[in-house]
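The values are calculated or read from the model by the stated rules, or taken from the named source; none is laboratory data. This one's a predicted model, so the numbers in the text were calculated from it and none came from an experiment. Glycine also receives a Cβ, built like all others from the backbone with ideal geometry; neighbour counts cover every protein chain displayed. These accessible areas exclude ligands, DNA and RNA; they are computed on the full protein's heavy atoms, side chains included. Shrake-Rupley method; radii C 1.70, N 1.55, O 1.52, S 1.80 Å.
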Amino acid sequence: MKKKGLLITFEGGEGSGKDTQIELLYDNLISKKCKVICTREPGGTKLGECIRELLQNRKDLLIEPGVELLLYFASRKQLVYEVIGPALKEGMIVLSNRFEDSSKAYQGYGRGISIDHINHLHRSVKIPKPDLTFLLDIDPAVGLARIN
């Protein structure tokens, strides 16, 4: 996919301030008359929101790690197809709350899926690489206390 816009992603643990930083950057870019949209993962589309509900709120389901990874990828690919790809082609700036690094952190290091396998999936389904990623680092205990 040829892109003219910018894809900026925000990564970090729960409670690290991703939403706040995205909002601040969004407001700043809008004040400078930039064309910008915000999205999140999983979610950002009708299908993505259904997948988000399934992954985050169905504690009664036991989802195998590989299936979990593919559900996140399905949400991401749909988001690229419906939102990110068209926005980049129009020269917009896309701000995303989570993206490919979250798959590496949660499904890779957290669930034991090979990072090479995750990278291969990104390449094979043509997920664009972010132009810039902000990693917000916070002590996990502090982050969890902030959201509680």
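Key figures
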{"quantity": "Whole-percent pair-distance distribution, where bins are 10 Å wide, for the alpha carbons of region 34-114", "calculated": "18, 47, 27, 7, 0"}
{"quantity": "Dipole moment magnitude, nearest 20 debye, region 13-115 about Cα centre, only Lys, Arg, Asp, Glu C-beta charged", "calculated": "260 debye"}
{"quantity": "Spin-label proximity, Asp131 to region 45-85 - amide N less than 19 Å from point 7 Å beyond Cα toward beta carbon", "calculated": "80-85"}
{"quantity": "Scattering curve values for region 1-142, log₁₀ I(q)/I(0), Debye with Cα scatterers, q = 0.09, 0.11, 0.20 Å⁻¹", "calculated": "-0.27, -0.41, -1.33"}
{"quantity": "Value at 222 nm in deg cm²/dmol, rounded to 500, when DSSP H runs of n ≥ 4 in the chain each add -39,500 (n - 2.57)", "calculated": "-13000 deg cm²/dmol"}
{"quantity": "Accessible surface of the chain, 1.4 Å probe, proportion on carbon and sulfur as whole %", "calculated": "57 percent"}
{"quantity": "Region 34-116, accessible area per residue, ligands and nucleic acids excluded (1.4 Å, Å²)", "calculated": "51 Å²"}
{"quantity": "17 Å reach of a label modelled at Glu49, 7 Å along Cα-to-Cβ, counting backbone N of region 95-118", "calculated": "97"}
{"quantity": "Net lengthening on full extension, Leu61/Asp19 (0.36 nm per residue, minus Cα-Cα)", "calculated": "12.4 nm"}
{"quantity": "Eligible lysines near Lys77 by straight Cα distance, threshold 17 Å, same-chain separation 8 or greater", "calculated": "Lys2, Lys3, Lys46, Lys89, Lys104, Lys126, Lys129"}
